[in-house]
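Here's the structure, in structure tokens; my notes come after.
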């Protein structure tokens, strides 16, 4: 919040800030005790040579379509100024930049000649002296600024002081729990505690008319949506420009002045922290205010946007059945206050903060009001704020305050009382604070308390909804007492066994193996788009969607690590990286089949790798790109190193739509599905602007379940092994895994290894034929193996291959 030093001094005259150096000291103090300070200094850049001028005369320039000659009195001297301002008129009090004046962005004003006429200075708009369009009054946005008629300024006055832009500002960056500091009142309490200074309370006189408010409007409120909820009516008002003192308070706080009625509600919000709204009573056709949840309907808000509401998701203020306001966020255009408004309804309420937050986020409509409702409002202050606003409107807009406040809902909970002892405080903090210290700090915080011995019963004011438990009180104590007074102690060492768990060690081993194989670890977002979320999944699962995503590119949780890893590969390819070798281990998320909102999504772990392009060429590598055998070799090495319980086998697969149907295999660990390996479908690779790309994806949960932690050792063989070669003539479509499986089943107990040593294809073998040569190793660990046993095993193998696969030996 932007805190005006002059506004603070209005209530705390001895507030210790007189220059920018003092503002820095206050900022440092706040950073140590309360909140960070985003900025400090002047809200609007400081200019020199600006005075209040009175326009004495306005004349046209012959043959000029827009320029005029004005004679402007600056107190002791008249100046001739040529201006193109469309709103200049005789008698106005304006801002005059004298010759030699310096404006923002190093703009120097000098006497010059325009259309043959001498111009001694410049009549300036607020934007030309550093006002942002968002805070400059709308009335003057197309021309120069004109001081209100009732302003207490005189020609020759310093315009910087007259506009109030010499006011130092302290812009705090509040955390979500300190909503009380989103007001001048809240900051006065804070400064009073920090600097031990008293401040004046707000005083006003409320005079009601004989006409009652209840006779003009009726109200019904759902107590779960708003509590309290108050209304007042002011009749026969006159809508006009706000006085200068009020405009100064608003634009220095970053709010644009609109008119005297709207400006009063914003002023009270800044001063007391209570957001308010003003309705044009005559535009409420039913005069039946109703606060309820939205239906499927539309409302046009004050910014001119037409917004579609969803049933049961937004708090809406209705007039009968007509929506008038997105409660706590922004008013509607139908009952907007205009210059024709004569009777108004003032609303002061506290709305449900959760629903306000959801509405503001859904419509990306974070207003000054929603910011305060989200963080918590002082419910005990709502009635006073309403009365104060009504009294101000009567002073500034005339009219009569209707008798009585309409209390549709005012079931306010009692202030919380928390028991705490001095032992609690010193025990938590390790301090040696005294009873006098504790009592003094409760007084400085304006917390009422009862004391009995070392025990306190502290009453937490409702302006501090963030304090609910004893630990909160201790935090309040220590930030005022001083963090520097907490003694420093070395932490006690605890002799406990520590280290990585077996699962953590396995995860590190997996990463180490893949890194050793030449792959680079990637860490990608778990959030992606709906389109990518379900890619590379073995079966359909409900998507896990974010309720309020920051962007559509990160709206859904991924169901495959490859889905985001491929995007990382595409990112590298787009930057001319020709050798892409990436892997990632990460979580994937599946929605529950019944979409039960009370159940967390199903979370699993996967390992994925991608290679694309070609390895860097050197003396032992050609320029040939990666192929299926490269990715399968990486995968096989990984699986061999992991020492899994069970047998790995591959099965040709065409069930993955994102994969090449002829170069993809499913991986099984015994009969459990482990993952897949192969080439990405060229069409999909082309969409990512990748060349031939090969991947694998594994179920990391299954790997953890079937991993044999530790290493099994066996003694070296005492007896020699016997090797035999087996050359086979097979169909080209036959899978090698089927051949190896039959060999293993029929070779007997002494088969140690089966290795493919040669593949040959030629026309002499016949159409669609190829030759595969395997080397089989047999070992008997307990005796010398004889040729008769090996020959019998080879015969069984050959017979089984012919009977089951029609494979012949060569």
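The values are calculated or read from the model by the stated rules, or taken from the named source; none is laboratory data. Everything numeric in this text was worked out from a predicted model, so none of it was measured. When we count neighbours, we look across all protein chains shown, and the Cβ atoms used for this are built from the backbone with ideal geometry, even at glycine.
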Which residue is surrounded by the fewest Cβ atoms within 10 Å (Cβ to Cβ), if the candidates are limited to segment 63-82 and must be over 14 Å from residue 98 (Cβ atoms) and under 51 Å from the mean Cα position of the chain (by Cα)?
66
Tally, over segment 349-383, of residues that are farther than 21 Å from residue 467 by Cβ and over 25 Å from the mean Cα position of the chain (by Cα):
2
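On the given criteria, is residue 339 modelled with pLDDT under 95, surrounded by fewer than 18 Cβ atoms within 10 Å (Cβ to Cβ) and assigned to a strand (DSSP E or B)?
Working: modelled with pLDDT under 95: yes; surrounded by fewer than 18 Cβ atoms within 10 Å (Cβ to Cβ): yes; assigned to a strand (DSSP E or B): no.
Answer is no for this residue.
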What residue, among those in segment 401-416 that are under 34 Å from the mean Cα position of the chain (by Cα) and part of a strand (DSSP E or B), is farthest from residue 470 (Cα to Cα)?
409
Exception for residue 552 within (1) loosely packed, with under 13 Cβ neighbours inside 10 Å; (2) closer than 21 Å to residue 539 by Cα; (3) touching a helix residue (DSSP H, G or I) at 6+ places or on another chain (Cβ under 9 Å) falls at (2)
Only one of (1) surrounded by 12 or more Cβ atoms within 10 Å (Cβ to Cβ); (2) not assigned by TED's automatic domain parsing to the domain that holds residue 696 does not apply to residue 491, and that is (1)
Among 530, 581, 592, 558, which is crowded, with 20+ Cβ neighbours inside 10 Å and either within 28 Å of residue 362 (Cα to Cα) or not assigned by TED's automatic domain parsing to the domain that holds residue 630 (or both)?
558
Scan segment 149-159 for residues that are surrounded by fewer than 17 Cβ atoms within 10 Å (Cβ to Cβ), touching a strand residue (DSSP E or B) at 6+ places or on another chain (Cβ under 9 Å) and assigned to a loop (DSSP other than H, G, I, E, B) and report the count.
4
Specify which of the listed residues (743, 739) is in the same structural domain as residue 799 (by TED's automatic domain parsing), within 30 Å of residue 537 (Cα to Cα), in contact (Cβ under 8 Å) with a residue 12 or more places away in the chain and in a helix (DSSP H, G or I).
739
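To keep it simple, each residue is scored yes or no on (1) in contact (Cβ under 8 Å) with a residue 60 or more places away in the chain; (2) touching a helix residue (DSSP H, G or I) at 6+ places or on another chain (Cβ under 7 Å); (3) assigned by TED's automatic domain parsing to the domain that holds residue 283.
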{"residue": "348", "(1), (2), (3)": "yes, yes, yes"}
{"residue": "351", "(1), (2), (3)": "yes, yes, yes"}
{"residue": "357", "(1), (2), (3)": "no, yes, yes"}
{"residue": "361", "(1), (2), (3)": "yes, no, yes"}
{"residue": "365", "(1), (2), (3)": "yes, no, yes"}
{"residue": "372", "(1), (2), (3)": "yes, yes, yes"}
{"residue": "375", "(1), (2), (3)": "yes, yes, yes"}
{"residue": "379", "(1), (2), (3)": "yes, no, yes"}
{"residue": "387", "(1), (2), (3)": "yes, no, yes"}
So which helices (runs of 4 or more DSSP H) stay within segment 625-721 end to end and still have 1 or more residues that are closer than 26 Å to residue 734 by Cα and free of Cβ contacts under 8 Å to residues at least 12 places away in the same chain?
628-642
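For segment 446-455, does any single residue satisfy the condition of being touching a residue at least 60 places away in the same chain (Cβ under 8 Å) and either surrounded by 17 or more Cβ atoms within 10 Å (Cβ to Cβ) or within 23 Å of residue 179 (Cβ to Cβ) (or both)? Let's see the steps before the verdict.
The first filter runs over segment 446-455 and keeps only residues touching a residue at least 60 places away in the same chain (Cβ under 8 Å), leaving 446.
Subset that is either surrounded by 17 or more Cβ atoms within 10 Å (Cβ to Cβ) or within 23 Å of residue 179 (Cβ to Cβ) (or both): 446.
Yes; the residues of segment 446-455 include at least one that is touching a residue at least 60 places away in the same chain (Cβ under 8 Å) and either surrounded by 17 or more Cβ atoms within 10 Å (Cβ to Cβ) or within 23 Å of residue 179 (Cβ to Cβ) (or both).
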Find the residue count for segment 94-115, including only residues that are over 47 Å from the mean Cα position of the chain (by Cα) and without any contact (Cβ under 8 Å) to a residue 12 or more places away in the chain.
3
Look through segment 266-309, keep the residues that are part of a loop (DSSP other than H, G, I, E, B), buried (at least 20 other Cβ atoms within 10 Å of the Cβ) and touching a residue at least 40 places away in the same chain (Cβ under 8 Å), and return whichever of them is farthest from the chain's Cα centre (by Cα).
284
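Here are some residues: 561, 556, 544. Which one is in contact with a strand residue (DSSP E or B) (Cβ under 8 Å, 6 or more places away or on another chain) and either at pLDDT below 85 or farther than 25 Å from residue 689 by Cα (or both)?
Exactly one of 561, 556, 544 is in contact with a strand residue (DSSP E or B) (Cβ under 8 Å, 6 or more places away or on another chain) and either at pLDDT below 85 or farther than 25 Å from residue 689 by Cα (or both), namely 544.
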Residue 420 passes all but one of (1) modelled with pLDDT of 95 or more; (2) not in a helix (DSSP H, G or I); (3) not assigned by TED's automatic domain parsing to the domain that holds residue 463; which number fails?
(3)
Looking at (1) closer than 23 Å to residue 632 by Cβ; (2) at pLDDT below 90; (3) out of contact with any strand residue (DSSP E or B) (no Cβ under 6 Å at 6 or more places or on another chain), which is the one condition that is false for residue 737?
(3)
